[in-house]
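Q: My questions will all concern the structure given below.
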Amino acid sequence: MNEIIARESQSMSQQPVVTLFEIDARQWEAGILRFTNQTALDGGPIRFNGYTYTPTPITADGFEWNGKGTLPQPSLSLSTLEVSIVSMLLATNDLIGAPVKRIRTFANHLDGGDDPDPEATFPVDEYHIEQKPQEIPARGSLEFTLSISLDQQGRKIPARQCLRDTCTHTYRYWNGSRFVYEGVTCPYTGAAMFDQQGVATDDETKDVCGKCLSDCRARFGANNPLPTRAMPGLARYKS
């Protein structure tokens with residue numbers, strides 16, 4: 001726990017605890033949704049660490065765990081009056097798999113508080129959306145079941161095939177007039193081009209990734225972070 005929070009938790013005159021929620025929908029290019037069931041002293045939205053958290057009716061249960069028994073599967077209920085949530089469900093895979101954070105801090109550490117401090121938080125709870133109701137109710141609330149990353153039913157770690165020597169990213173392609181990036185997962189957008197054998201080329205039609213680690217290094221630089229999906233550290237295990 002953060003030292004400031006630990007110290008203030010022992011104080012006889014504690015500030016109110018503010019609970020903030022984040023739903024990460026960036027994998028659907030929809031950004032991060034930020035909510036809270038509380039409001040600022042002026043009745044407006046709460047700001048923390050430079051971000052705005054929209055006041056909306058939220059009910060969250062089941063986060064507490066004493067370290068014994070099965071892992072918790074909290075539930076998070078959001079009002080269907082929150083249009084952004086409903087529209088998000090319709091535009092994505094019901095947000096299944098979206099990371100969820102519960103952030104708690106004392107009110108004085110909020111932006112505009114007596115002692116604003118984005119580092120002063122209780123341990124952040126990190127979960128994923130496991131499932132939601134089968135139908136979106138016209139009125140009322142949507143209840144999501146959450147799970148810890150290592151406890152997602154029916155999911156593998158990682159949730160894709162592991163290949164030691166082959167990257168599974170989808171690379172850009174030339175359509176005759178421009179490079180196409182729609183549906184592409186590889187983040188490379190540079191001007192340097194290489195053919196499938198890793199040889200530099202000026203011909204856009206020959207710009208093909210060979211899916212090897214050397215191809216990734218040629219495009220991003222040997223000393224830079226590489227986005228390859230290959231896992232060169234994999235090896236057979238002998239008992």
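The values are calculated or read from the model by the stated rules, or taken from the named source; none is laboratory data. Worth saying up front: this structure is predicted, and the values here are computed from it rather than measured. So basically every Cβ, Gly included, is an ideal-geometry build from the backbone, and we count neighbours across all protein chains shown. The protein model used for the area step is the full one, side chains on, heavy atoms only, and it has no ligands, DNA or RNA in it. Shrake-Rupley method; radii C 1.70, N 1.55, O 1.52, S 1.80 Å.
Q: I need the full set of residues from the stretch 100-115 which are in contact with a Lys or Arg (Cβ under 9 Å, 6 or more places away or on another chain) and either modelled with pLDDT of 90 or more or not in a loop (DSSP other than H, G, I, E, B) (or both), in order please.
A: In the first step, residues of the stretch 100-115 are kept if they are in contact with a Lys or Arg (Cβ under 9 Å, 6 or more places away or on another chain); the result is 110-112.
Answer for the stretch 100-115, where residues must be in contact with a Lys or Arg (Cβ under 9 Å, 6 or more places away or on another chain) and either modelled with pLDDT of 90 or more or not in a loop (DSSP other than H, G, I, E, B) (or both): L110, D111.
Q: Under 9 Å between Cβ atoms, at least 6 apart or on separate chains: pull out the pairs that start in the stretch 7-21 with a residue that is in contact (Cβ under 8 Å) with a residue 40 or more places away in the chain and end on any residue that is of a type in the set (G, A, S).
A: E8/A120; Q15/A107; Q15/G113; P16/A107; V17/A107; V18/A107; T19/A60; F21/A60
Q: Let me ask you something else. Outside any loop (DSSP other than H, G, I, E, B), within 16 Å of L142 (Cα to Cα) and modelled with pLDDT of 65 or more: does that describe L95?
A: Details: outside any loop (DSSP other than H, G, I, E, B): no; within 16 Å of L142 (Cα to Cα): yes; modelled with pLDDT of 65 or more: yes.
Judged against the criteria, L95 is not a match.
Q: With respect to L226, is the statement that it is open to solvent by less than 60 Å² (accessible area, probe 1.4 Å), more than 30 Å from E3 (Cβ to Cβ) and at pLDDT below 85 true? Please lay out each step first, then the result.
A: Details: open to solvent by less than 60 Å² (accessible area, probe 1.4 Å): yes; more than 30 Å from E3 (Cβ to Cβ): yes; at pLDDT below 85: no.
In short, no.
Q: State yes or no: is A218 surrounded by 11 or more Cβ atoms within 10 Å (Cβ to Cβ), farther than 25 Å from W28 by Cβ, of a type in the set (G, A, S) and out of contact with any helix residue (DSSP H, G or I) (no Cβ under 8 Å at 6 or more places or on another chain)? So that I can check it myself, show each step before the final result.
A: Numbers: surrounded by 11 or more Cβ atoms within 10 Å (Cβ to Cβ): yes; farther than 25 Å from W28 by Cβ: yes; of a type in the set (G, A, S): yes; out of contact with any helix residue (DSSP H, G or I) (no Cβ under 8 Å at 6 or more places or on another chain): yes.
Taking the combined requirement at face value, the residue satisfies it.
Q: Inspect all residues belonging to the stretch 169-176 and state whether any of them is exposed (fewer than 12 other Cβ atoms within 10 Å of the Cβ), farther than 30 Å from S79 by Cα, in contact with a Leu (Cβ under 7 Å, 6 or more places away or on another chain) and modelled with pLDDT under 90.
A: As a first pass, look at the stretch 169-176 and keep what is exposed (fewer than 12 other Cβ atoms within 10 Å of the Cβ): 175-176.
Applying the additional criterion that residues be farther than 30 Å from S79 by Cα yields 175-176.
Filter once more, keeping what is in contact with a Leu (Cβ under 7 Å, 6 or more places away or on another chain): none.
No, the stretch 169-176 contains no residue that is exposed (fewer than 12 other Cβ atoms within 10 Å of the Cβ), farther than 30 Å from S79 by Cα, in contact with a Leu (Cβ under 7 Å, 6 or more places away or on another chain) and modelled with pLDDT under 90.
Q: Could you say whether any residue in the stretch 50-60 is at pLDDT below 70, within 17 Å of I32 (Cβ to Cβ), open to solvent by less than 60 Å² (accessible area, probe 1.4 Å) and in contact with a strand residue (DSSP E or B) (Cβ under 9 Å, 6 or more places away or on another chain)?
A: Of the residues in the stretch 50-60, the ones at pLDDT below 70 are none.
Within the stretch 50-60, none of the residues are at pLDDT below 70, within 17 Å of I32 (Cβ to Cβ), open to solvent by less than 60 Å² (accessible area, probe 1.4 Å) and in contact with a strand residue (DSSP E or B) (Cβ under 9 Å, 6 or more places away or on another chain).
Q: Do you know which residues across the stretch 14-28 are open to solvent by 80 Å² or more (accessible area, probe 1.4 Å) and either under 22 Å from L146 (Cα atoms) or touching a Leu at 6+ places or on another chain (Cβ under 9 Å) (or both)?
A: Across the stretch 14-28, the qualifying residues are R26, Q27.
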